[in-house]
Amino acid sequence: MNPFQNHLQNQTRRHFLQGAGVGLGSIALSSLLEAAPKKPANPLAEKKSHFPGKAKRVIYLHMTGSPPNLDLFDYKPTLNERHGEDCPQSFLEGKRFAFTSGTPTLLGTPQKFRQVGDSGTWMSDALPHLQTVADDLCYVHSLHSDQFNHAPAELLVYTGSPQTGRPSLGSWVTYGLGTESQNLPGFVVLISSGVQPNGGSNSFGSGFLPSVYQGVQCRSQGDPVLYVSNPPGMDRSVRRMSLDAMRDLNEMQAAELGHPETLTRIAQYELAFRMQVAVPEVMDITKEPKHVLESYGAEPGASSLANNCLLARRLVESGVRFVQLFDWGWDFHGTGAATGIGDGLVDKCATMDKPVAALINDLKQRGLLEDTLVVWGGEFGRTPFREGRTANSKILGRDHYPDCFTMWMAGAGVKGGFHYGQTDELGFGVAENPVHVHDFQATLLHLLGFDHEQLTYRFQGRDFRLTDVHGHVVKDLLS
């Protein structure tokens, strides 16, 4: 650093110290700077899990609104045979539904199913590309939830509670493992179809964990991250000097008060500075070969689930620990053509089926699927009967249903082509091997090397965890 640069840096620091109300008449600036503590530990540094986990990172694909499992993965020929019959009262007694009352009629699927892969998996023809990777997927058909409305059900899936204020799954994972890349966030969120998740930012928030562990939302159009660019009139060298001055102040405050959010502030400023170079590079899919773009159906400059699936691969390849994709538009009530389980579902699946299958194949070809866990699903299931508002409509749709639904995983540590749990012949309830949302969470954490009962954070006098006071690892899913 030449004398002029050194003088400018000292002047910049002096300006920030004076702006913070630090009197310099009786205390020399040099003494203040020398008193600053050593650089604090990076809260995003890599950490060891409780035991070696088969998964090092996660890509979680959330179909916001909840896809109709009975039209995609849970084939019910008996329900088809009884299509149009009144729903048996025994299945309705004591239950509430979001938009259905009285006695609805049973609703078979308009989709055709076939057995695919060596596993003989029954899968809907609405998913022709996923049919080709059926043997890579591990299906859980017996999931059930406590919530039947979108926001609380989504929060339960991601935070372990239907109420706001708890840390999300991605935040827990990043808190427990840190990140492999020090130039990118540990937890990245990508949103497609133009709408935020039902739980809003709470579905990827850090709750009472230090905010350095919250999901960072990136965009595939415009600046990848809002406010990460330098403001007009400030170049990178001036930004660096400004950050150095703020770091000195924050380190002094950290030494005096010991507040974890001060360390978070330091880490976030430094990460943002590094992200200015790293994020645009990793988010630039124009660098991908033409055949890769075509396999995903990705288009540079567009905002789509296809682009986001490709970005997810690029992000985990660059060391990001947890990538969360939210895709809006899976609430198939049948109140309009786009939300019907006939052509509407086929059209929506066309935006998801190809890129998700491409993601599985791409990860596998690059050797990343061995230690990357891919998860796909919604927040609950859909009813085996017609949604009440569509009783006299030609468009078929299903209401919210928490009692049973299907999700799948692929990759690190799970059995490919494996089916766990069953629902009854009409799809009203779990008939075999029930898996609560908390059990699913415990299993995901186990795959990452955590005992879910021991991954805790003390807050307001209590040790909190993702699974609250519930959850059991479903060991039959593990390879």
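Per q in 0.11, 0.12, 0.17, 0.20 1/Å, what log10 I(q)/I(0) does a Debye calculation on the alpha-carbon atoms of the stretch 353-479 return?
The Debye formula, applied to the Cα set alone, gives -0.54, -0.63, -1.03, -1.18.
Let's test the formula: R0 of 41 Å, r as the Cβ-Cβ distance of Ala337 and Leu478. What FRET efficiency results, to the nearest 0.05?
0.45
What are the radius of gyration and Dmax of the stretch 297-395, computed over its Cα atoms and given in Å?
Computed over the Cα atoms of the stretch 297-395, radius of gyration and Dmax are 16.5, 52 Å.
Give the calculated FRET efficiency between Asp451 and Gln253 to the nearest 0.05, with a Förster radius of 35 Å applied to their Cβ-Cβ distance.
Taking R0 as 35 Å, the efficiency between Asp451 and Gln253 is 0.50.
Counting other Cβ atoms within 10 Å, keep those with at most 14, restrict to DSSP loop, and tell me which trypsin sites (Lys or Arg not before Pro) in the stretch 54-117 are left.
Here the sparse-neighbourhood loop sites are Lys95, Arg96, Lys112.
What's the Cα-based Rg to Rh of the stretch 85-214, Rh via Kirkwood?
Radius of gyration relative to Kirkwood radius: 1.07.
If the chain between Asp235 and Asp118 were fully stretched, how many nm would it gain, using 0.36 nm times the residue separation less the Cα-Cα distance?
Working it through step by step, the gained length comes to 36.3 nm.
So what is Rg over Rh here for the stretch 321-371, counting just Cα atoms and using Kirkwood for Rh?
Ratio of gyration radius to Kirkwood radius for the stretch 321-371: 1.14.
Please list, by residue number, every one of the trypsin sites (Lys or Arg not before Pro) in the stretch 346-417 that is coil in DSSP and has at most 11 other beta-carbon atoms within 10 Å.
Lys394
Filter the GluC sites (Glu not before Pro) in the stretch 36-135 down to the DSSP loop ones having no more than 16 other Cβ atoms within 10 Å, then list what survives.
Glu46, Glu85, Glu93
Rounded to the nearest 0.05, what FRET efficiency is calculated for Glu180 and Asp347 with R0 set to 25 Å and r the Cβ-Cβ distance?
Calculated value: 0.10.
If amide H atoms are built 1.01 Å from N in the plane of the peptide, which residues on other chains or at least 5 residues away come under 5 Å of the amide H of Leu373?
Lys56, Arg57, Val58, Ile59, Ala412
A short reminder: the numbers here are calculations on the coordinates, not readings from a lab. Quick caveat: nothing in here was measured; it's all calculated off a predicted structure. Backbone-built Cβ (ideal geometry, glycine too); neighbour counts: all protein chains shown.
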